[in-house]
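Here the structure is laid out as structure tokens; the discussion comes afterwards.
The values are calculated or read from the model by the stated rules, or taken from the named source; none is laboratory data. Here the structure is a predicted model, which is why all the values come from computation and not from measurement. Please note: Cβ atoms are built from the backbone with ideal geometry, for glycine as well, and neighbour counts cover all protein chains shown.
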Ligand code: NOJ
């Protein structure tokens, strides 16, 4: 694992909505460059940039039409290189978003593969051998060209699935190629070239979209794991410092594939939503939440992956509701960040979550966002027009700004020691200066019972984190005994006659 990941804090940027520098209503590379000092001031050491490649933007850029060209609306490849250089000069790494599973229907590879005559790209996508036959278990595109076949799609109908082969091809279905067939091999080599290109230009690694679903008919993911192991070998040889994080949600598999990090996701088995995004989130004053399912699953994954890589817990991302949609008040958000920034793995902060940006209700879908659109609104910098995001006319903005008069802004929280922003900065500073709180130090949960509050865990056996997100005092009944307080939110814990009480909506980090 690259050394820098051991103490990394990531910041996710949705480029459309971060900072517009040319008044066209859409964010861009120059805009991001102008905000790098802010990102550094958060204590973030790395950026994950959502897809920024040429695209018709039917899925916000997850429908790539040219993997080797920056989307002109964000700038040129040179501007992106400048972003890498400027970030590096501030000690910030940049991970691009690699979308290896599918392209846009507008990608030249797909246009070639649509042709009836065989050519170099006929096997680049997952095609059946008859327009009347659809790939089992997958949606498909059919009847849109002279080619007699149906092409599997991975996500939206305009995102045809690239062909990495089938782990268990059905011998009766010759179109299902093994992973070793020339078509799938060529796809993988093409994707390695894409990685080579951007890493060569100065990118520091990739977040990989839908990393677990490349090989088809692969029930235990063995084919996909083998594919990523091959990628790891290639990276170890040519770019050993490149960091890789997967959108997979099953860390035992992705880390076996050679990823350094995997995300906990809002879908799949993680119980991540129980913490922040459900009817009764754990991080809520009402105290009706239950973290036990999350803890159990986390421990299971943690034990399976011990020392092999990192499990990353994001504050949110461009696909989820904003954290502040269900964790509503400032103090609860602070406690949520206390958790996120004191857990192992590399924390990921979704842009704007550090000021408690809200989900914007009722927006019309933009670029395939649908209900995700409300989490993709422009960053709120200050009280100037368009919240400082853009000098364009408001009607031209990518997505409207949160219309609330009291919408949070960076400027409004900058100098306020009680703001969420100030707390996030203090927490990242604590993490970065405390080895026991960093990516690889052990964690052990003490509170594991159903519905139990407060949340308690130790780090490296030397620090104890206690968080009571509820509006009631809660008793701490475990050992070890909190000793020296090194961080506190809210009132101090009280010890009286052998009972330790954790005041409402408070938390602390203690040496033990
Ligand atoms: C996951 C991405 O995060 C999401 O935004 C996208 O729509 C799908 N993958 C398809 O690429």
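Quick notes on this one:
- Boolean, residue 150 is in the same structural domain as residue 310 (by TED's automatic domain parsing) and buried (at least 17 other Cβ atoms within 10 Å of the Cβ): no
- For segment 454-480, the tally of residues that are farther than 25 Å from residue 349 by Cα and modelled with pLDDT of 95 or more stands at 10.
Okay, residues lined up against (1) surrounded by 20 or more Cβ atoms within 10 Å (Cβ to Cβ); (2) in contact with a strand residue (DSSP E or B) (Cβ under 6 Å, 6 or more places away or on another chain); (3) in the same structural domain as residue 300 (by TED's automatic domain parsing); (4) part of a loop (DSSP other than H, G, I, E, B):
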residue	(1), (2), (3), (4)
439	yes, yes, no, yes
453	yes, yes, no, yes
483	no, yes, no, yes
488	no, yes, no, no
491	no, yes, no, yes
501	no, yes, no, no
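- Verdict on residue 104 being under 26 Å from residue 15 (Cα atoms), within 16 Å of the ligand (Cβ to nearest atom), part of a loop (DSSP other than H, G, I, E, B) and free of Cβ contacts under 8 Å to residues at least 40 places away in the same chain: no
- Scanning segment 107-126 for residues that are away from the ligand (no atom under 16 Å from the Cβ) and in a loop (DSSP other than H, G, I, E, B) yields 114, 115, 116, 117, 118, 119, 120, 121, 122, 123, 124.
- Considering residues of segment 39-69 that are buried (at least 23 other Cβ atoms within 10 Å of the Cβ) and more than 17 Å from the chain's Cα centre (by Cα) only, the residue nearest to the ligand (Cβ to nearest atom): 63
Rundown of residues vs (1) more than 26 Å from residue 77 (Cα to Cα); (2) in contact (Cβ under 8 Å) with a residue 60 or more places away in the chain; (3) within 16 Å of the ligand (Cβ to nearest atom); (4) out of contact with any strand residue (DSSP E or B) (no Cβ under 6 Å at 6 or more places or on another chain), yes/no style:
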{"residue": "134", "(1), (2), (3), (4)": "yes, no, no, no"}
{"residue": "139", "(1), (2), (3), (4)": "yes, no, yes, no"}
{"residue": "143", "(1), (2), (3), (4)": "yes, no, no, yes"}
{"residue": "156", "(1), (2), (3), (4)": "yes, yes, yes, yes"}
{"residue": "160", "(1), (2), (3), (4)": "no, no, yes, no"}
{"residue": "180", "(1), (2), (3), (4)": "yes, no, no, yes"}
{"residue": "206", "(1), (2), (3), (4)": "no, yes, yes, no"}
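- Residues within segment 162-178 that are away from the ligand (no atom under 16 Å from the Cβ) and within 16 Å of residue 223 (Cα to Cα), tallied: 10
- Residue in segment 76-94 that is within 14 Å of the ligand (Cβ to nearest atom) and in a loop (DSSP other than H, G, I, E, B) present: no
- Which listed residue is under 29 Å from the mean Cα position of the chain (by Cα) and at negative phi, from 492, 460, 429: 429
- Restricted to segment 210-256, and to residues there that are within 16 Å of the ligand (Cβ to nearest atom) and part of a loop (DSSP other than H, G, I, E, B), the residue that is surrounded by the fewest Cβ atoms within 10 Å (Cβ to Cβ) is 210.
- Within the span defined as segment 272-294, every residue fails to be surrounded by fewer than 22 Cβ atoms within 10 Å (Cβ to Cβ), in contact (Cβ under 8 Å) with a residue 60 or more places away in the chain and within 19 Å of residue 245 (Cβ to Cβ).
- Selected residue (criterion: farthest from the chain's Cα centre (by Cα)) from residues of segment 389-411 that are touching a residue at least 40 places away in the same chain (Cβ under 8 Å) and in a helix (DSSP H, G or I): 396
- Residues considered: 392, 429, 387. Of these, the only one that is more than 21 Å from residue 489 (Cα to Cα) and surrounded by fewer than 21 Cβ atoms within 10 Å (Cβ to Cβ) is 392.
- In segment 191-198, the condition of being over 30 Å from residue 348 (Cβ atoms) and surrounded by 15 or more Cβ atoms within 10 Å (Cβ to Cβ) is met by no residue.
- Only one of the numbered conditions (1) more than 23 Å from residue 154 (Cα to Cα); (2) in a loop (DSSP other than H, G, I, E, B); (3) in contact (Cβ under 8 Å) with a residue 12 or more places away in the chain is violated by residue 63, and that is (1).
- Complete set of residues in segment 257-270 that are assigned to a loop (DSSP other than H, G, I, E, B) and touching a residue at least 24 places away in the same chain (Cβ under 8 Å): 257, 258, 259, 260, 264, 266, 269, 270
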